[in-house]
């Protein structure tokens, strides 16, 4: 074969011609960055944690029972020991309170927040008595655990030691909403033959039973006894400066109470549910200034002046009023004349006031009918004069009474030994819609 002859036949086309083109570099796929994801997760976690910490710091936590009690009591006090209602088999539990001549014993019911009806369902009985066998400078408060129900009681002490000026005991309604504790039994035992600065109790819905404190030699400078809805019964109690016996919708019955300033107050609001509430006041009261106030219930009391002079106020309504003024309690061989200011008033019921033979002064009676019983005691040389509005209808010779029975009468007069005696006393007795009687 000729070496110049083409390898391909003549009819074959020439092979394609190619040229090279530089291709751009192909980027490699990005590898996932695991470090960045971890960093983000950590930052988010830290932010959430910080937010939760802040919320926990500012979000109010539900108060504990201890917190509620601390908020309810006076800021200067703190709890020392507490007892809550339980099924304990312990018969009694005793709290010891320090007691010195400068001490005021305070027993009170404190309201927890938020307020609930439990406060209205908390009540019971408190007895105040004495014992000659207590430790020195100590009073006892004895509680029956089984009577607590849903209540809590605590002894309280000052946050800052300021001596022994206050010994305090608190009662709290701590059960669930609507829980009742109506039969709580508390006994306060004071040492016999002791003197203290004060006794202050504020326990609504508690009945009081006060033993013979005077006979046991207990001397109290200021005694403030406050109850409510239940009666106060006292054998004897004395306040050197002041004595208060206060309740409502319940009565006060006292065998003997004495204080220069003596205030007894009850009251009853008539309602369909309690049309016969007894808020009467009865007993013997000795003082320089004596006030007896109630309503819708009778007053039947004996009052004796603590000295030669004093003031007596007695008020009620829709119930009878009977007041007997006893001869003054003064030193023997005293020649001081009795000086009495007395105001007594009621409505729609009878009012009767009896004055002692030592009384000299004027009187004024106002009522539907008025009567004055003349002095009848042996050796009573007092003179009696009348200054009345309307005709004197007659004199009852058997009873020695001057009568003005006409409707709406006012009778004024005076009883005296000497002319100076007319100015010594002043008595006013009024009954709107009822009869009035004065016994001299």
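The values are calculated or read from the model by the stated rules, or taken from the named source; none is laboratory data. All figures in this text were calculated on a predicted structure; none of them were measured in a lab. Here the Cβ positions follow ideal geometry from the backbone for every residue, glycine too, while neighbour counts run over all protein chains shown.
Here is a list: 16, 63. Which entry is at pLDDT below 75 and either surrounded by 10 or more Cβ atoms within 10 Å (Cβ to Cβ) or outside any loop (DSSP other than H, G, I, E, B) (or both)?
Residue meeting the stated conditions: 63.
So residue 326 ticks every box in (1) crowded, with 18+ Cβ neighbours inside 10 Å; (2) touching a strand residue (DSSP E or B) at 6+ places or on another chain (Cβ under 6 Å) but one. Which box is left unticked?
(1)
Restricting attention to segment 355-376, does a residue exist that is outside any strand (DSSP E or B), under 18 Å from residue 432 (Cβ atoms) and within 32 Å of the chain's Cα centre (by Cα)?
For segment 355-376, residues outside any strand (DSSP E or B), under 18 Å from residue 432 (Cβ atoms) and within 32 Å of the chain's Cα centre (by Cα): absent.
Just give me the residues in segment 283-305 being farther than 19 Å from residue 239 by Cβ and surrounded by fewer than 18 Cβ atoms within 10 Å (Cβ to Cβ), in sequence order.
Matches in segment 283-305: 300 only.
Within segment 90-141, which residues are assigned to a loop (DSSP other than H, G, I, E, B) and closer than 23 Å to residue 165 by Cβ?
99, 100, 101, 102, 103, 134, 135, 136, 137
Can you tell me which residue within segment 377-415, out of those that are touching a strand residue (DSSP E or B) at 6+ places or on another chain (Cβ under 9 Å), modelled with pLDDT of 55 or more and not in a strand (DSSP E or B), is farthest from residue 434 (Cα to Cα)?
That would be 382.
What residue, among those in segment 120-143 that are surrounded by fewer than 17 Cβ atoms within 10 Å (Cβ to Cβ) and without any contact (Cβ under 8 Å) to a residue 60 or more places away in the chain, is nearest to the chain's Cα centre (by Cα)?
Out of the qualifying residues, it is 142.
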